[in-house]
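Below is one structure; the comments refer to it alone.
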Amino acid sequence: MTYAITQTCCNDATCVAVCPVNCIHPTPEERAFGSTEMLHIDPRACIDCGACADACPVDAIFPVDALTGGQRAYTEINAAYYAGDDRPAAGDEVEGPNFHVWGEPVFERSLPSDFGPLRVAVVGTGPAGMYAAQDLLLHTAAEVTLIDRLPVAGGLVRYGVAPDHPATKKVGDTFSRFHSHPRVRMHLGIEVGRDVTAEELSAHHDAVVYAVGASADKRLGVPGEESPGCLSATAFVAWYNAHPEAVAQGVDLTAERVVVVGNGNVALDVARILVADPEALAATDIAAHALEALRTSRVREVVVLGRRGPGDAAYTRSELLALKHLPGVELVVDDHDPRTGAAIDAAGPGDRAGDLRGLARVRTDAEPLAGTGRRIVLRFHSEAVEVLSGDATGSTDSTDGVETGGRVRSGRVRSVRVTDGGGGDGTADLRAGLLLRAIGYRGLQVPGLPFDEARGTVPHEGGRIAGMPGSYVVGWIKRGPSGGIGANRTCAAETVGTLLADAVAGALPAPKGDAKAFRRLARQRNRRVVDARGLAAIERAERERGQATGRPPVKLATVEELVATARSRRLLRLAR
Ligand code: NAP
């Protein structure tokens, strides 16, 4: 028996480091690492020790005998990665099945022992910031100040990962053990540019690492995009994940069909949540208001538009495979364009269009699916060209529903005009109440930092911000909005490596103020700052809320609730 890596692989390569026989590939040192969607165990070399399964932060690794249902496909997916792999190369003196050639050893970067502890601020407590903090705390004596603009930690793990992906959320446990680390100070609810300047932050630390992500979304640029009921997937994800900036009664689910533009993993996440069984979602940490809305939702069909063909879909294979096994939901392919079926039929091994083989092919009608079933339609070679609002007489359904500054207000569109096949000029109108654009995220400028408007990122060299000694970037604000959670581990390793090299080279500007002075400054500027104890109080309250209703922890959904909970527990402690 061997082990196999499955759907939730986060690619952070923790497993690679613990494998005693080097049978997990690609490793971060191999070129394929940057482009692979997941890592794979070589069944011929695996010695069944289970070290990788113990180390995996997202519970993605299992003995192949334990795989059931859709997960069984991963036995073959892992093995297929090594098909035709003739290692060892001729001349290697290696015998037996454990033949993977070891590469050059990579030594962890650290500081010389006579170096005093660095004081580093990390702005952003999502995966990128926490991988950087973890790297610094585990490999150096650095003291880390964690800062987040929200009064709670977690970033994308808390507010981006879909609630029905609890294994992926488990990576948050890896990060949260550092929240109470003796060399960590936490200032949650502090925004750089609003409460403190980038200059002030630098003046109190040896180095500052910005891990602020990409919180805005891209625009389609088509007429009607500002209509009621036309929202970004970012806002919809924020709504079902109880982000404090998403309004509770925000999304109108009274129409039968939703159109999603873009076919990346975010598009699949929102499509899945829209048609999933609400009672199954009740067992997750989905926002209470979203669960309530989904229980009365009339949505039965989600049409996912991809502007290119099935061979170029942006979703990962593992997320597509999971969609095929969603209870009570049919996954079908729209074959309005003959190129779609032709690509699926002609797909060779490894061609991603082949993953759609065996799915029913349908024509999406102007009217949504009749009957009681629920389905997701993958429609390729199709783009939204206009969003039509109002009823047949032209009057609008509602004046609400406009998305403002990340907030969502309820409202409906009438239909979405989409391109209709063969690469020609034809269009079709799909009646739908909601359009979600899932066409990618975009970074926002942090006041005081340089910004590349075209890419939505901060210009840098190996993580060092151009023209700002002692300031660094990591994650999506560094490399753009692509790659899953684990990709941030190697990204953080590069940034921290640059920071430590700069420290050794004496290139870090000396700070003027110490940690206490920064704490005073932060509290002067914002009296509602939440620290590690406040965060623990929030987490406790959320656990209690969940227990009261037989659910996992239920998130507090407003800044007021979060801050009040952090403070009330503190006052309670002081009163004892
Ligand atoms: P993405 O993977 O970059 O997908 C964006 C989609 O939007 C693509 O289909 C793209 O088409 C399309 N698009 C872009 N501009 C468009 C336009 N003007 N008109 C029509 N379509 C347009 O982005 P994402 O889905 O936001 O995901 C971001 C990253 O997070 C990805 O790396 C993703 O894998 C990761 N993520 C992972 C998970 C998970 O593992 N479960 C969940 C969520 C997100 P083209 O391909 O033709 O450009």
Exactly one of Pro481, Pro450, Pro509 is outside any helix (DSSP H, G or I) and within 16 Å of the chain's Cα centre (by Cα), and that residue is Pro481
Among the residues in the stretch 187-203, are any outside the structural domain of Leu274 (by TED's automatic domain parsing), open to solvent by 50 Å² or more (accessible area, probe 1.4 Å) and part of a strand (DSSP E or B)? no
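Which one of these is open to solvent by less than 10 Å² (accessible area, probe 1.4 Å) and closer than 23 Å to Asp59 by Cβ: Val208, Val171?
Values: Val208 fails: closer than 23 Å to Asp59 by Cβ.
So the residue among Val208, Val171 that is open to solvent by less than 10 Å² (accessible area, probe 1.4 Å) and closer than 23 Å to Asp59 by Cβ is Val171.
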Of the residues in the stretch 264-278 that are within 10 Å of the ligand (Cβ to nearest atom) and of a type in the set (Val, Ile, Thr), the one that is most open to solvent (accessible area, probe 1.4 Å) is Val266
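Might you let me know whether the stretch 389-401 holds any residue that is open to solvent by less than 40 Å² (accessible area, probe 1.4 Å), farther than 30 Å from Gly341 by Cα and modelled with pLDDT of 75 or more?
Here is the first cut: in the stretch 389-401, the ones open to solvent by less than 40 Å² (accessible area, probe 1.4 Å) are 389-390, 398, 401.
This time we only want the ones that are farther than 30 Å from Gly341 by Cα, so: 389-390, 398, 401.
Next, from what is left, pick out any that are modelled with pLDDT of 75 or more: 389.
Looking for residues that are open to solvent by less than 40 Å² (accessible area, probe 1.4 Å), farther than 30 Å from Gly341 by Cα and modelled with pLDDT of 75 or more, one finds at least one in the stretch 389-401, hence yes.
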A careful count of residues in the stretch 26-51 that are buried (at least 23 other Cβ atoms within 10 Å of the Cβ), within 26 Å of Val157 (Cβ to Cβ) and touching a residue at least 40 places away in the same chain (Cβ under 8 Å) gives 0
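Here is a yes/no grid of residues against (1) touching a Phe, Trp or Tyr at 6+ places or on another chain (Cβ under 7 Å); (2) closer than 29 Å to Gln524 by Cα; (3) of a type outside the set (A, V, I, L, M, F, W, C):
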| position | (1), (2), (3) |
| --- | --- |
| Glu191 | no, yes, yes |
| Leu201 | no, yes, no |
| Gly221 | no, no, yes |
| Glu225 | no, no, yes |
| Gly229 | no, no, yes |
| Thr234 | yes, no, yes |
| Trp239 | no, no, no |
| Glu245 | no, yes, yes |
Within the stretch 440-480, residues within 16 Å of the ligand (Cβ to nearest atom), on the phi < 0 side of the Ramachandran plot and of a type outside the set (Val, Ile, Thr) come out as Tyr441, Arg442, Gly443, Leu444, Ala454, Arg455, Trp476, Lys478, Arg479
Flagged pairs (Cβ under 8 angstrom, 6 or more apart or on separate chains; first in the stretch 215-227, not assigned by TED's automatic domain parsing to the domain that holds Thr457; second polar (S, T, N, Q) and more than 14 Å from the ligand (Cβ to nearest atom)) are Gly224/Ser389; Ser227/Ser389; Ser227/Thr396
Scanning the stretch 16-69 for residues that are in a helix (DSSP H, G or I), more than 23 Å from Gly84 (Cβ to Cβ) and touching a helix residue (DSSP H, G or I) at 6+ places or on another chain (Cβ under 6 Å) gives Val18, Ala51, Cys52, Ala55
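Residues that are away from the ligand (no atom under 16 Å from the Cβ) and of a type in the set (Val, Ile, Thr): does the stretch 150-159 have at least one?
Residues of the stretch 150-159 away from the ligand (no atom under 16 Å from the Cβ): 150-153.
Checking the rest, the ones that are also of a type in the set (Val, Ile, Thr) come to 152.
Checked against the condition, which is being away from the ligand (no atom under 16 Å from the Cβ) and of a type in the set (Val, Ile, Thr), the stretch 150-159 yields at least one hit.
Which residues, taken from the stretch 301-328, are part of a helix (DSSP H, G or I), more than 7 Å from the ligand (Cβ to nearest atom) and out of contact with any strand residue (DSSP E or B) (no Cβ under 9 Å at 6 or more places or on another chain)? Break it down stepwise before answering.
First, the residues of the stretch 301-328 that are part of a helix (DSSP H, G or I): 310-312, 317-324.
The next check asks that each one be more than 7 Å from the ligand (Cβ to nearest atom); those that pass are 310-311, 317-318, 320-324.
Within the stretch 301-328, Gly311, Arg317, Ser318, Leu321, Ala322 meet the criteria.
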Within the stretch 485-515, of all residues that are buried (at least 22 other Cβ atoms within 10 Å of the Cβ) and either of a type in the set (Gly, Ala, Ser) or not assigned by TED's automatic domain parsing to the domain that holds Pro447 (or both), the one farthest from the ligand (Cβ to nearest atom) is Ala492
Of the conditions (1) within 16 Å of the ligand (Cβ to nearest atom); (2) open to solvent by less than 10 Å² (accessible area, probe 1.4 Å); (3) in a loop (DSSP other than H, G, I, E, B), the single one that Gly213 does not satisfy is (2)
_Looking at the structure I just gave you, is Val554 of a type outside the set (D, E, K, R) and at pLDDT below 95?_
yes
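Do we find a residue being within 30 Å of Ser35 (Cβ to Cβ) and open to solvent by less than 10 Å² (accessible area, probe 1.4 Å) anywhere in the stretch 521-531? Even if it seems obvious, please write down each step before you answer.
Taking the stretch 521-531 as the starting set, the residues that turn out to be within 30 Å of Ser35 (Cβ to Cβ) are none.
Within the stretch 521-531, none of the residues are within 30 Å of Ser35 (Cβ to Cβ) and open to solvent by less than 10 Å² (accessible area, probe 1.4 Å).
Residues are listed down the side, and each one gets a yes or a no for (1) without any contact (Cβ under 8 Å) to a residue 40 or more places away in the chain; (2) farther than 28 Å from Pro553 by Cβ; (3) hydroxyl-bearing (Ser, Thr, Tyr):
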site: Ala235; (1), (2), (3): no, no, no
site: Arg272; (1), (2), (3): no, no, no
site: Thr296; (1), (2), (3): no, no, yes
site: Val304; (1), (2), (3): no, yes, no
site: Arg307; (1), (2), (3): no, yes, no
site: His325; (1), (2), (3): no, no, no
site: Gly328; (1), (2), (3): no, no, no
- What do you reckon, is Arg437 farther than 30 Å from Asp135 by Cβ, within 16 Å of the ligand (Cβ to nearest atom) and of a type in the set (D, E, K, R)? yes
message: I'd like to know if the stretch 330-350 contains one or more residues that are open to solvent by 20 Å² or more (accessible area, probe 1.4 Å), under 23 Å from Ala162 (Cβ atoms) and not β-branched (Val, Ile, Thr).
response: yes
Restricting attention to the stretch 236-263, the residues that are more than 20 Å from Thr296 (Cα to Cα) and away from the ligand (no atom under 13 Å from the Cβ) number exactly 3
Given (1) in contact with a Pro (Cβ under 8 Å, 6 or more places away or on another chain); (2) more than 16 Å from the ligand (Cβ to nearest atom); (3) open to solvent by 20 Å² or more (accessible area, probe 1.4 Å), Val563 misses just (3)
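The values are calculated or read from the model by the stated rules, or taken from the named source; none is laboratory data. This is a predicted model, so every value here is computed, not measured. Don't worry about glycine lacking a Cβ; one is built from the backbone with ideal geometry, like all the others, and counts go over all protein chains shown. Just so you know, the surface numbers come from the protein's heavy atoms only, side chains and all, with ligands and any DNA or RNA stripped out. Shrake-Rupley method; radii C 1.70, N 1.55, O 1.52, S 1.80 Å.
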